[in-house]
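Structure record follows, encoded as structure tokens.
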Amino acid sequence: MSKVCQITGRKVMVGNNVSHSNKKTKRTFSPNLKIKKFYVPEWDEWVVLKVSAAGLRTIDKKGVYQAMIDASEKGHLDRW
């Protein structure tokens, strides 16, 4: 499974580890993803989404149904 938030589209970033001697090696920054189950009252069913912490705040602000509509319009959520 990919490390991409289905609501915000956040994904893995690439950066550097910097040692004390200033030697740089590549590393990845993973998003803070959680697999959560949400109840959608418009459909009267539960939906499982992989969301980041920012995605949870978006769902709290807009509601799960509107957040899923916005994410599918932006191309982050491919299936219902």
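Every number here is computed from the coordinates shown, using simple stated rules; none is lab data. All of these numbers come straight from a predicted model, not from anything done at the bench. Glycine gets a Cβ as well: all are built from the backbone with ideal geometry, and neighbour counts include every protein chain shown.
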_Residue selected from the stretch 1-56 under the condition in a loop (DSSP other than H, G, I, E, B) and among the β-branched types (Val, Ile, Thr), by the criterion surrounded by the most Cβ atoms within 10 Å (Cβ to Cβ)_ = 7
*Residue by residue through the stretch 61-71, note down the ones that are surrounded by fewer than 18 Cβ atoms within 10 Å (Cβ to Cβ) and under 13 Å from residue 8 (Cβ atoms).*
61, 62, 70
